[in-house]
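Rule-based calculations on the coordinates, nothing more; no lab input. Remember, it's a predicted structure, so these values are computed and weren't measured experimentally. Glycine also receives a Cβ, built like all others from the backbone with ideal geometry; neighbour counts cover every protein chain displayed.
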Amino acid sequence: MEKQPRLLASQLFLKNSVFEVLLNGVLLTWKEIPANKKVVSGSIHHPFKVGTSHSVSVSEILAVRELDVGGGTNDDGRWQKMPQKLTEAYPYAFTVSYVERARQHRWRCSDVTFHCSDGALRQQWIQTIREQLTALTSRPKHLLVYINPYGGKQQGECIYEQKVAPLFACASISTDVIVTEHANHARDHLKTEAELKKYDGVVCVGGDGMFSEIVHGLVSRTQRDNGVDQNSPEEKLVPCSLRIGIIPAGSTDCICYATVGINDPVTSALHVIVGDSQPMDVCSVHHNNTFLRYSISLLGYGFYGDVLADSERKRWMGPARYDFSGFKTFLTHHHYEGAVSFLPATDILGTPRDKTRCRAGCFICQHNGQLYSGDSPDESKTAPDVSDREYEVGWGVVRGKFLAINAASMSCACPRSPMGLSPAAHLADGTTDLILVRKCSRFNFLRHLLRHTSKDDQFDMTFVEVHRVRRFRFTPRHCQNDSELDLRENGKQLFSQICRDHPACSCSPAYSSWNCDGEILPHAAIEVGVHCQLIKLFARGIEEQPLFEDLANPPCAL
Ligand SMILES: CCCCCCCCCCCCC/C=C/[C@@H](O)[C@H](CO)NC(=O)CCCCCCCCCCCCCCC
Ligand SMILES: Nc1ncnc2c1ncn2[C@@H]1O[C@H](COP(=O)(O)OP(=O)(O)OP(=O)(O)O)[C@@H](O)[C@H]1O
Ligand SMILES: [Ca+2]
């Protein structure tokens, strides 16, 4: 028989008033008792004050602890402003720490301290709250944390020590912390050494690149443990069981921003503590039946590939390198020729031009996710999920000259572009939005880019098309499979020589590079498949925000 949550109701002191405090297994509620109804003596009354009421979901309580009123300070050393009369009459106190929502999806840790005259009553409250927190089985108890000391503004260690570690300690989460010593340290440790059974999740402190390392480590380890060959593009991959938390300390932080709504370390730490879970699609990228990389946010050829390639040489500039290289790449205005073939997702709900957005508890992700990732018990594997009907409808092909070819598996919202590259994309629907920006004038491309910073539709332009797809391939013009790399190198040398000789000419090099979540891929010809809900994050998707906050950011158009 299921154990009934214990119900507790008491009159307790909070600040200078008496409150009716109720715990029912779902909510902790405290409501000020009007002065004329108070039954406890010794309070300092405010007879004309209207009673206030607060509610906190038990699932968002972080911790409860005793408070030593006599000592005058609480656990973290803060001075308690209690009138002496009250501390004498109600010397037993306990503090509940809980999640409080602030503006723009920010979460904060708030404390409320209740006082009573009876030590046994205090123990009963503390014990009952702790029992109800223990019953929340989705909460992590032991985490493996990787810190990239060189991501973003190189603040990773400091952010973790000052903002995150104290919250984990408060919530009784134990951690093993590894400060990485080189690139791919976290990936390789996860892939081969880490004792994953010990942990309830993996947390990375860094940016999208650091997150990508964790995904590669965990996904590769899971496939190896289950005998799945990553080199086959058709292979169904086995989903990872451990959730991943991201404490943002990078330059773009797009995965964090698009799954939480803000890149704020405290908010992310609180999502980890309450044990949130957000499934995410992962794209696998192959070249000639050889696995190259996974992508979770952006696969970009042309503009975003060139921005990244240029910005990697300017890491010393920190996050500003992207603006510098972005401006330079915009002026360069190179286009690239090739063919994009793609398999449209036709059996799903939603299109890239929808006005609705992927938000916490997204119905479209739930619906589309169930189509192929199999809720049936014998279908434990996830897939490059394509229905028979979708195969019959078949592949489309677009050939031409492109300024940019982007595949956004999620919105790619980030502080630079709060709506993202594809505002209606979904985190976990098993598709990616393929955005093709054909060669156009600099002015038109600028109009397109600018729309990423407002609510205007960046796809509503004649030279832009967008398709929601399950799989796609790109073949650059002149590509001959085996000698592609040679061609790329020779091509680059040839073109850079020509352009040096003719600085005024507007010719473009034959090849760009793929930007795969901030890493350069070594091949231009690639094949991509989406694996629906392959990983899970300690997040819940962006929560709807009150209307008044939305109206604070009116759109602008060019
Ligand atoms: C006129 C202003 C237009 C602003 C348009 C901003 C669009 C920004 C869209 C950002 C999408 C980010 C997608 C996420 C990619 C991550 O997996 C990856 C790793 O972190 N980050 C980047 O590749 C980092 C990519 C960073 C790209 C920055 C591009 C900046 C373009 C600036 C163009 C300036 C033109 C000005 C002409 C007067
Ligand atoms: N100790 C280390 N020394 C050098 N590089 C590292 C180290 N640890 C991780 N890295 C690499 O640093 C790269 C960048 O890290 P990260 O993603 O954290 O920051 P960023 O690139 O500034 O931010 P973003 O990816 O959000 O744009 C990653 O590709 C990662 O592999
Ligand atoms: Ca998706």
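At-a-glance table
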| quantity | calculated |
| --- | --- |
| Label-point separation in nm, GLU161 to GLU20, each point 7 Å along Cα→Cβ | 4.9 nm |
| Per-pair calculated FRET efficiency, R0 = 60 Å: ASP118 and GLN370 via Cβ, rounded to 0.05 | 0.70 |
| Packing-based ranking, highest mean first, of 183-190, 524-531 given that Cβ atoms within 10 Å are counted | 524-531, 183-190 |
| Point-to-point label distance, GLN154-GLU193, nm (Cα→Cβ direction, 7 Å offset) | 2.4 nm |
| Rounded to whole Hz, the Karplus (6.51, -1.76, 1.60) HN-Hα couplings of segment 123-139, x for glycine and proline | 4, 5, 5, 4, 5, 5, 5, 4, 4, 5, 6, 5, 6, 7, 6, 7, 7 |
| Förster radius 30 Å - calculated FRET efficiency between THR356 and ASP225, Cβ distance, rounded to 0.05 | 0.20 |
| For segment 218-344: rounded, prolate or oblate by the Cα gyration tensor [a/c cutoff 1.5] | oblate |
| Ascending count of other beta-carbon atoms within 10 Å, so fewest first, for LEU292, LEU133 | LEU133, LEU292 |
| Relative contact order of segment 117-199, pairs being alpha-carbon contacts under 8 Å that are 6 or more residues apart, as % | 34 percent |
| Above-threshold pairs, the threshold being 21 Å between Cα atoms, out of LYS191/LYS236; LYS153/LYS455; LYS153/LYS198; LYS328/LYS439; LYS15/LYS163; LYS163/LYS191 | LYS153/LYS455; LYS153/LYS198; LYS15/LYS163; LYS163/LYS191 |
| Stretch gain in nm, segment ARG315-ARG399, where the contour uses 0.36 nm per residue and the Cα spacing is subtracted | 26.8 nm |
| Inter-part distance where segment 142-167 and segment 208-238 are each reduced to a Cα centre, Å | 25 Å |
| Segment 247-291, relative contact order [Cα under 8 Å, separation at least 6], % | 29 percent |
| Which of MET317, MET210 has the fewest Cβ neighbours within 10 Å, and the rest in rising order | MET317, MET210 |
| Ranked list, fewest to most other Cβ atoms within 10 Å of each Cβ, for ASP253, ASP225, ASP264, ASP200 | ASP225, ASP200, ASP264, ASP253 |
